Amino acid sequence: MKKLPILVLFFFLISTNSFAQDLQGYDLWLSYKKIEQPEWAQAYRDLSKSIYFNEDGEILKTAKTELRNGLEKMLGDTLHFESTLQKSNTLIVVKESELGPNLLHQLQNEFDSLGEHGFILKNVKVDNHTSLVLSSRDDIGILYGVFRLLMLMQQRTNPANLEIVDAPKIKLRMLNHWDNLDRTVERGYAGFSLWNWHKLPEYIDQRYIDYARANTSIGINAVSLTNVNANALILTPMYLEKVKALADVFRPYGIKVFLTARFSAPIEIGGLETADPLNVEVQQWWNHKADEIYNYIPDFGGFLVKANSEGQPGPQNYDRTHVDGANMMAKALKPHHGVVIWRAFVYSEHDADDRAKQAFSEFVPYDGLFMDNVLVQVKNGAIDFQPREPFHPMFGAMPKTPLMMEFQITQEYLGFSSHLVFLPKLFEEVLNSDTYRKGKGSTVAKVIDGSLNDKKLTGMAGVANIGSDINWTGHPFAQANWYGFGRLAWDPYIKSEAIAEEWLKATYSHHSKFIEPIKDLMLTSREAVVNYMNPLGLHHIFDTGHHYGPGPWVSELNRPEWNPTYYHQADKEGIGFDRTPTGSNATAQYAPELAKIFNDPKTCPEKYLLWFHHLPWDYELKNGHMLWDGLALKYQEGVDQVKDMIHTWEASKNYITTQQYTEVRMLLEIQLKEAKWWRDACLAYFQTFSGKELPLGVEKPEHSLEYYKSLKFPFAPGIRPRWD
Ligand code: BDP
């Protein structure tokens, strides 16, 4: 392996202090670098020659400021806005209501097909003069349109060819922060929480504003500020004042604030003796609490609730159901148009059934019983944000209930903020999965966007990967995961490849010799991490608690389903979790067409093989290798893919700054080291069962199995602190 030359490191160290902030990644995909190519600069200058922008209202003011900021940075000129709408305007930004009959007539077809909060960007001819018109029915649509126009310019799209009618396909596009009140972030790998509760409400950090800008630029319109493992204090006046201050910052960007509600809050901060959802006093307490919150924040979004899950209190503490709990809160929020997002991430230590089945078993019978302002939030897979999981069988199985997608953007199980893994590839795989619930083509995306079962209330949440690090996400490429999540929440049908290209151009460079290889690197990065961590359907073999590194041997934790040995079931005979009818029969929770495919190891996609099957070590894979050899070769392939990523990155050096190059180069070094660690530790461990030699081409583990088992990481980041 090549060592980084000392000189490069030295240059990097001095440059971190002297380089402008944006080179450290603070500006995200909004750096709006000056356009150097003269033909593009001219085209955009022509477009900006005479801008009419009607800025009536808070959100439109934000939109105008953003337009000015973006254009001035890209063109290096000061812009002049016209005060009246004229035929000679080159760029016209107005709402539908102010378009005037001529323009309105020309845009009628577009308006007829325009969805809520969407926008139209179209060249329109009036008296032989062409103007680019950006219009919408709503203020927020204009703001989204401004950000899109600026993004298209960052892509060097020809303004003369613009003809876009676009609207969000999902209603709630939301970030879930797992931020604690002490500013630690559960599963956070990018520093501390952005929310400085101590200095709020008076002190408004510029980061709150920049955070809102970044979110809105990709269409995110809701944020839940606090950890799902909630602290009831957030619902007290002292904190609500602070939450209000944040909500006031986010409002001009069209972002609504949500809070996590601890189910036992009536006891902890309300002085009641119970939190029983059928108790009248408890119900009144929540009603009053909702009134109080809406007094502070009139457009408050609602509550996100983790109940009876991993030790959190909930309705079952009182022998009530999830429906009782969710509907009680929904009633309190209903008069204010708020919603309850009730999480389906439940599994119980008292239930001996396969953990993968428990959420489905518990929630599906409740279909149709939740109030109409309740969304049930379901993780993308039935276990827990693994590098790869089959889609959660609940999707498509509750046609009368709005199911909201929960993805994890923070890389709890994907190498934290040290591994380069482009997650839109994972999100896309889930969204494109066919549930077969209404015949072929009933994809998860159609469940989520409401089109499969005609749902109006729809949502997609991502557990945020954002913290106080200067570049927000720790790894510079983790910004692409925040970006990609937002784009897919806006439109779950966008291709991950398009997202990668957009992000790269806005963030790094336009050079095709940079874009093409680095785009490929991003697109293969997800498969690489699957290969070196959890190939062929293995899952949850992470070390305990912090989930940093491999721990397939862990077997002594109290709850069986917290042990990796529960998930891989390796023994002398073979490996894998039998979820077919001869095992836990989890496959029966999928549509019969799919269950049939999954039940037979010959038809089951090999990427899910050991998720659904326990197979002998000498089972023959499709490529003719026996299972043991195939597994070992996959681990090796993962390591080799990281080596390739390093070579590709090294070849890209001349297209970016030294600092940009060096920081990713160093991180890739960590990724390679940890990929080898995963391969070596897992193979050394599984070999004790298979009793077979490593196949040709697989490197021997560097250390003994005892060495890997002895590694301890008491200070690994992201662990939940114990304050209670
Ligand atoms: C698991 C995390 C844990 C979260 C939990 C959840 O390890 O920190 O609290 O999910 O989603 O992935 O509630």
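The values are calculated or read from the model by the stated rules, or taken from the named source; none is laboratory data. Just so it is clear, the model here is predicted, and its values are computed rather than measured. We place every Cβ from the backbone using ideal geometry, glycine too, and count neighbours over all the protein chains shown. Surface areas here come from the heavy atoms of the whole protein model, side chains and all, with no ligands, DNA or RNA. Shrake-Rupley method; radii C 1.70, N 1.55, O 1.52, S 1.80 Å.
The Rg/Rh ratio of segment 616-681, with both radii computed over alpha carbons and Rh defined as the Kirkwood radius, is 1.19.
With every protein chain in place and a 1.4 angstrom probe, the accessible-area ranking of Ser97, Ser224, largest first, reads Ser97, Ser224. The listed residues Lys61, Lys673, Lys519 rank as Lys673, Lys61, Lys519 when sorted by accessible area, largest first, using a 1.4 Å probe. Under the criterion of Cα pairs below 8 Å and six or more residues apart, the relative contact order for the chain equals 12 percent. Classification of segment 172-507 by its C-alpha gyration tensor yields an oblate form. The axis ratio a/c (a ≥ b ≥ c) is 1.5 or more, and b/c is at least a/b. Computed over segment 172-507, relative contact order equals 19 percent, with contacts defined as Cα pairs under 8 Å that lie 6+ residues apart. Dipole check for the chain: with +1 at the C-beta of Lys and Arg, -1 at the C-beta of Asp and Glu, and the Cα centre as origin, the magnitude is about 880 Debye. With Cα atoms defining each centre, segment 555-600 and segment 673-703 are spaced 23 Å apart in the structure.
The distance from the alpha carbon centre of segment 335-392 to that of segment 498-522 is 36 Å, rounded to a whole number. Per-residue packing, averaged as other Cβ atoms within 10 Å, sorts the ranges 600-606, 330-336 into the order 330-336, 600-606, beginning with the highest. For the chain, DSSP calls about 30 percent of its internal beta bridges antiparallel.
Put simply, when 525-533, 703-711, 607-615 are sorted by average Cβ atoms within 10 angstrom per residue, most first, you get 525-533, 607-615, 703-711. In terms of its C-alpha gyration tensor, segment 624-724 has an oblate overall shape, because the principal axis ratio a/c (a ≥ b ≥ c, square roots of the eigenvalues) is not below 1.5 and a/b does not outweigh b/c.
Look at where the Cα atoms of segment 447-476 and of segment 91-137 average out, and the two centres are 30 Å apart.
Within the same chain, lysines fewer than 8 places from Lys602 are excluded, and of the rest, those with a Cα less than 20 Å from its Cα are Lys622, Lys634. Pairs from the table (Lys256/Lys446; Lys33/Lys676; Lys169/Lys519) lying more than 29 angstrom apart at Cα are Lys33/Lys676. Near Lys73, which aspartates and glutamates are there with a Cα under 17 Å away, not counting those fewer than 8 places off in the same chain? Straight-distance partners of Lys73: Asp22, Asp27, Glu36, Glu39, Asp46, Asp210. Nonpolar atom fraction for segment 172-507, defined as the carbon and sulfur part of the 1.4 Å probe accessible area, stands at 49 percent.
Dividing the summed -39500 (n - 2.57) terms of all DSSP H runs of n ≥ 4 by the residue count of the chain sets its mean residue ellipticity at 222 nm at -12000 deg cm²/dmol. Counting only protein heavy atoms and a 1.4 Å probe, the chain has 38 square angstrom of accessible area per residue. Helices in the chain that qualify as membrane-span-like (whole DSSP H runs, Cα extent of at least 15 Å along the helix axis, mean Kyte-Doolittle hydropathy of 0.0 or higher) are 6-18, 139-154, 237-250, 322-333, 512-533. Placing unit charges on the Cβ atoms of the charged side chains and taking the dipole of the chain about its Cα centre, the candidate lying farthest along the positive direction among Pro605, Leu615, Leu240 is Pro605.
What percent do you get for the relative contact order of segment 30-166 when only Cα pairs under 8 Å and 6+ apart count? About 28 percent, as a whole number.
Computed packing ranks the peptides 99-108, 368-377, 225-234 as 225-234, 368-377, 99-108, most packed first, by mean other Cβ atoms within 10 Å. One quarter of the surface of the convex hull around the alpha-carbon atoms of the chain equals 32.1 nm², the direction-averaged projected area.
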